[in-house]
1. So residue 236 ticks every box in (1) at pLDDT 95 or above; (2) closer than 30 Å to residue 29 by Cβ; (3) not in a helix (DSSP H, G or I) but one. Which box is left unticked?
2. Would it be correct to say that residue 385 is in contact with a helix residue (DSSP H, G or I) (Cβ under 9 Å, 6 or more places away or on another chain), in the same structural domain as residue 318 (by TED's automatic domain parsing), free of Cβ contacts under 8 Å to residues at least 60 places away in the same chain and part of a helix (DSSP H, G or I)?
3. Would you confirm, using the coordinates I've provided, whether residue 266 is surrounded by 22 or more Cβ atoms within 10 Å (Cβ to Cβ) and without any contact (Cβ under 8 Å) to a residue 40 or more places away in the chain?
4. Kindly indicate which of 257, 215, 240 is without any contact (Cβ under 8 Å) to a residue 40 or more places away in the chain and either buried (at least 18 other Cβ atoms within 10 Å of the Cβ) or not assigned by TED's automatic domain parsing to the domain that holds residue 327 (or both).
5. For the stretch 150-169, name all the residues that are out of contact with any strand residue (DSSP E or B) (no Cβ under 9 Å at 6 or more places or on another chain) and surrounded by 18 or more Cβ atoms within 10 Å (Cβ to Cβ).
6. Just to be sure before I move on: is residue 306 touching a strand residue (DSSP E or B) at 6+ places or on another chain (Cβ under 9 Å) and closer than 20 Å to residue 268 by Cα in the structure I sent?
7. Taking the stretch 396-410 as the region of interest, how many residues are in a loop (DSSP other than H, G, I, E, B) and in contact (Cβ under 8 Å) with a residue 60 or more places away in the chain?
8. Kindly establish whether residue 203 is in a loop (DSSP other than H, G, I, E, B), outside the structural domain of residue 377 (by TED's automatic domain parsing), touching a residue at least 12 places away in the same chain (Cβ under 8 Å) and closer than 30 Å to residue 374 by Cα.
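The values are calculated or read from the model by the stated rules, or taken from the named source; none is laboratory data. Owing to the predicted nature of the structure, the values given are computational and were not obtained by experimental measurement. Heads up, the Cβs are rebuilt from the backbone with ideal geometry, glycines too, and the neighbour counts pull from every protein chain shown.
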């Protein structure tokens with residue numbers, strides 16, 4: 001029997017018919033004060049991740065840096081414990097705390113052995129309810145962030161990312177705002193205290209528990225987070241902002257000393273709730289969404305203009321963004337842009353062949369399989385559903401759409417959304 005390594009294995013189709021039915025399903029509870037808790041009981045190790053979610057992203061801030069600074073400094077001191085004491089308590093029980101923020105939400109994640117939850121959850125309770133944002137910790141953080149900003153602002157990739165969203169949404173829109181040096185001098189500890197009071201409240205909180213846990217954890221959560229002591233009405237109000245994009249589609253930011261130029265090409269798009277979102281995910285994957293994509297084959301492998309190039313379709317609560325991104329040799333920036341537009345035109349004009357479409361469909365199905373492997377991954381998929389007010393039928397629809405989409409439908413989507421006269425283009429560096 002021959003076992004040649006020179007012959008590519010045959011691509012096998014994945015059976016996804018009943019896949020969603022086998023997903024780890026959450027059990028929903030409510031704490032005494034109404035906080036919803038979603039319990040995903042699975043795994044092989046008595047370890048859990050408990051995630052607290054608040055609508056406290058940058059969309060809700062009144063000044064730059066406030067949302068991120070508030071989230072980052074929660075664990076740097078409370079009315080009863082210093083940052084050192086908080087770290088020591090968590091370390092003693094082998095627990096870990098992560099703070100993250102997006103344009104829309106703020107997240108606090110506790111990773112802890114289940115047998116220690118009765119000791120680690122009180123620490124998280126203290127952080128969420130009683131953070132005081134000590135002045136010295138605030139000053140250290142602000143100075144460090146300003147230092148990082150000054151370094152990043154010299155990088156073409158950073159400039160491309162931050163200016164690009166400004167061109168798409170406008171300088172005053174929360175999705176388009178970018179930092180300026182003076183923002184670091186304007187922010188105050190008092191702003192963080194006020195933001196925390198306004199946005200980290202029980203009436204806005206959701207909790208997702210994932211791991212080898214049982215209903216006992218609900219009792220613990222109720223003891224620490226189910227009381228009325230933090231059930232004041234949060235001031236998240238439904239804000240609305242006007243999108244004011246740049247009237248120009250072609251942008252250039254010169255940096256004469258740059259050895260590479262950063263490229264961004266894209267537009268405002270939509271989120272998971274739009275009927276064309278899944279189809280455009282297929283289009284995006286073909287174009288630049290994985291290592292075997294057309295952009296990688298052309299710009300990297302064939303032309304050698306870059307080490308990496310890709311595209312993405314990013315959902316946001318109130319919008320979405322499609323973009324192509326790369327850093328290329330400064331002397332070939334113009335040529336790289338030309339090749340990108342050639343690939344876009346090819347998507348609009350020519351039907352994808354069966355072999356390529358088969359490969360992409362299997363890649364996307366396989367990627368989804370990996371994204372639901374284990375309780376933590378399943379919790380992330382649940383989070384997507386909750387944030388966009390969907391249900392688990394969405395994933396069945398997702399897999400079915402991938403399986404059944406045709407080459408002609410892909411071409412139609414490319415023509416509907418990826419025409420050159422709707423795309424913003426940005427080059428930072430030289431062209």
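1. It fails just one condition, (1).
2. Judged against the criteria, residue 385 is a match.
3. no
4. 240
5. Across the stretch 150-169, the qualifying residue is only 166.
6. no
7. Step one: filter the stretch 396-410 for residues in a loop (DSSP other than H, G, I, E, B), giving 405-406.
Of the ones still in play, those that are also in contact (Cβ under 8 Å) with a residue 60 or more places away in the chain are 405.
Residues that pass the stated criteria total 1.
8. no
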